[in-house]
Amino acid sequence: MSRLLIIGCGGVAQVAIRKCCQNSEVFTDIMIASRTLSKCDDLKAKLEGKTASRIETARVDADNVEELKTLIRSYRPDAVLNVALPYQDLTIMDACLACGVDYIDTADYECEDTQDPQWREIYEKRCKKLGFTAYFDYSWQWAYQEKFKEAGLTAILGSGFDPGVTSVFTAYAQKHYFDEIHTIDILDCNGGDHGYPFATNFNPEINLREVSANGSYWTDGHWVETEPMEWRAQYNFDQVGEKDMYLLHHEEIESLAKNIPGVKRIRFFMTFGQSYLTHMKCLEDVGMLRTDPIMVDGKEVVPLQVLKELLPDPASLGPRTVGKTNIGCIFNGIKDGKKKSIYIYNVCDHQECYKEVESQAISYTTGVPAMIGSMMVVTGLWKKPGVFNLEEMDPDPYMEALNKFGLPWKVVENPVPVDCYKTADPSVHMD
Ligand code: NDP
């Protein structure tokens, strides 16, 4: 029996909410809250009568800590699942601390206004100190460690697929397959086709910020930053086929580098089609990816927010997306003194997801782990005081839940390694 407050009612949240409703024994009561109450009410109307979970809804602006505290105090949840945007991570964590409630999210903190001078000063210091320039990093949320510990509360950071399941795959590989993991390659392949010339599969603002940024990887104790799409590789994915993929910066590299002892290199690759890349480059070249305000007819507008309004809503891609995703990790290391290599991955079918929860596979592969992370906390399986990334917890119950709730995984021994090369000069390969 538990009460979960879910903040957000977008693509990912809708899957998480539906999966909680399929798991009513654990989630007896849920509340859906976002700024647009009508969206929450519409989803509640769709689900009522089909689930034993009692659903309530509320309007909340999660940028406002006082509003959050009032809502949490009136609903009295056991935990808050943040599936709004990374911009709200800190305000929701503050409210959870003030009200004595556990916290789970799917993405690390990112500042909405990257021109804010106070934030910028800290950001620029961090870029110099750590050596990567992404707008997001874990320092903001890791800074809550002592506060959560002292309050006896649990915060679970990044329970989506990547980060999230990829972090649990790593903990599972570490626990059952390796004495020491030396390299981790995270491969995120979306072989889906939605039929639009250009659309993003989750929040366009967050997605385009991530993809147009510099890449980076972790090697021998430090970061190496790359130009966007500087390194490329082809990989033949099970049930999807051969795809081009590119090296990106990604948040779990930072936590895995900290939490996996002995790891020497961590890279993240994502597949992109040529049409996506060409559109993105063009939008970037004309300034449409800018996140700072410009003046139009005397009014401030942020180009990326205008673009978000023009692009298809990711939640609307479900009925038209066909194909599969294949996301997982290749690990190399040592077991019993011998070299070992395994690949753990999940394959997910866009249309199957749509039939089950009216969403495409990107929302599905994030929303299911968001529900599982919440389940780990409210059932006490992952209840310990402090702020944690998923690889710091026991992976076994989470891995079992992935099989049970729609994201079955496979372990393959001796996979084909990733051979990546410079996009501009394919004769230059990374060691
Ligand atoms: P959407 O844009 O579809 O939904 C965001 C939701 O947040 C909306 O319902 C919005 O509702 C709500 N929201 C935004 N601002 C506020 C606010 N101030 N107060 C209350 N609610 C707010 O995003 P997605 O569902 O695509 O993504 C959700 C999260 O999942 C993001 O953080 C994203 O980064 C993360 N993600 C993680 C992945 C992973 O694998 N780890 C993969 C994909 C996404 P309203 O405007 O009505 O308030």
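Largest first, the residues SER341, SER139 sort by 1.4 Å accessible area into SER139, SER341. Each residue of the stretch 58-75 is assigned a 3J(HN,Hα), and the resulting list reads 7, 9, 8, 9, 6, 7, 10, 4, 5, 4, 5, 4, 4, 5, 5, 5, 7, 8 Hz, derived from the Karplus form 6.51 cos²θ - 1.76 cosθ + 1.60 (θ = phi - 60°), x at Gly and Pro. Determine the shape class of the stretch 4-111: with a ≥ b ≥ c the square roots of the Cα gyration tensor eigenvalues, call it rounded for a/c under 1.5, and otherwise prolate if a/b is greater than b/c, oblate otherwise. In terms of gyration-tensor shape, prolate.
Annotation for VAL322 and VAL411: the two label points, set 7 Å from Cα along the Cα-Cβ direction, are 3.6 nm apart.
Computed in the context of the full set of protein chains, the accessible area of the stretch 41-143 at 1.4 Å probe radius has 48% of its extent on carbon or sulfur.
Near TYR103, the amide H atoms lying under 5 Å from its own belong to VAL80, THR154, ALA155, ILE156; only residues 5 or more places off or on other chains count, and H is placed 1.01 Å from N. Per-peptide packing, taken as the mean over residues of other Cβ atoms within 10 Å, places 196-202, 8-14 in the sequence 8-14, 196-202 from highest down. If you model the chain as an ellipsoid using its alpha carbon gyration tensor, with each semi-axis the square root of five times an eigenvalue, the axes come out at 31, 26, 23 Å, biggest first. Accessible surface area normalised per residue over the stretch 359-409 is 28 Å², counting heavy atoms of protein chains with a 1.4 Å rolling probe.
Maximal additional length on extending the LEU130-HIS176 stretch stands at 13.4 nm, based on 0.36 nm per residue less the C-alpha distance.
Segment ASP94..ASP41, full-extension length gain: 16.4 nm, with 0.36 nm per residue of separation and the alpha-carbon distance subtracted. Applying 1/(1 + (r/R0)^6) with R0 = 35 Å to the Cβ-Cβ distance of LYS335 and VAL224 gives a FRET efficiency near 0.80.
The peptide list 113-121, 380-388, 101-109, put in order of mean Cβ contacts within 10 Å with the highest first, becomes 101-109, 380-388, 113-121. For the stretch 226-298, a Kirkwood hydrodynamic radius built from all Cα pairs, placed in the Stokes-Einstein relation at 4 °C and 1.567 mPa s, yields a translational diffusion coefficient of 85 µm²/s. With a 1.4 Å probe rolled over the protein heavy atoms of all chains, the accessible area of ARG18, ARG267 falls in the order ARG18, ARG267, largest first. In sequence order, the stretch 204-209 has phi-based couplings of x, 5, 5, 5, 6, 4 Hz under the Karplus curve 6.51 cos²θ - 1.76 cosθ + 1.60, θ = phi - 60°, and Gly or Pro positions carry x.
Per-residue surface analysis assigns CYS282 an accessible area of about 80 Å², computed on protein heavy atoms at 1.4 Å probe radius. Taking only protein heavy atoms and a 1.4 Å probe, the accessible area of the stretch 369-410 is 55% carbon and sulfur. Distances between placed amide hydrogens fall under 5 Å for SER34 paired with GLY8, ALA58, VAL60, all partners being 5 or more residues away or on another chain. When the solvent-accessible area of the stretch 162-254 is split by element, carbon and sulfur atoms take up 40 percent of it, the probe being 1.4 Å.
Once the chain from ARG120 to LYS281 is taken as fully extended at 0.36 nm per residue, the excess over their C-alpha distance is 55.4 nm. Accessible surface calculations at 1.4 Å, restricted to protein heavy atoms, place the stretch 192-266 at 36 Å² per residue.
In the context of the full set of protein chains, residues of the stretch 86-149 present 44 Å² of accessible surface per residue (probe radius 1.4 Å, heavy atoms only). Using only side-chain charges placed at the Cβ, +1 for Lys and Arg and -1 for Asp and Glu, the dipole size of the chain relative to its Cα centre rounds to 840 debye. Can you give me the C-alpha center-to-center distance between the stretch 225-242 and the stretch 149-216, rounded to a whole angstrom? Spelled out, the Cα-based centre of one part sits 15 Å from the other.
Label zone (SER212, point 7 Å along Cα-to-C-beta; backbone nitrogen cut-off 12 Å) within the stretch 251-290: 279-290.
With every protein chain in place and a 1.4 angstrom probe, the accessible-area ranking of ASP285, ASP29, ASP179, ASP41, largest first, reads ASP285, ASP179, ASP41, ASP29. Label-to-label distance, ASP238 versus LYS258, with points set 7 angstrom from Cα along the beta-carbon direction: 3.2 nm.
The values are calculated or read from the model by the stated rules, or taken from the named source; none is laboratory data. Quick caveat, the model's predicted, so the values are computed rather than measured. Note: ideal-geometry Cβ built from the backbone for every residue, glycine included; neighbour counts use all protein chains shown. Side chains are part of the model used for accessible areas, which takes the heavy atoms of the whole protein and leaves out ligands, DNA and RNA. Shrake-Rupley method; radii C 1.70, N 1.55, O 1.52, S 1.80 Å.
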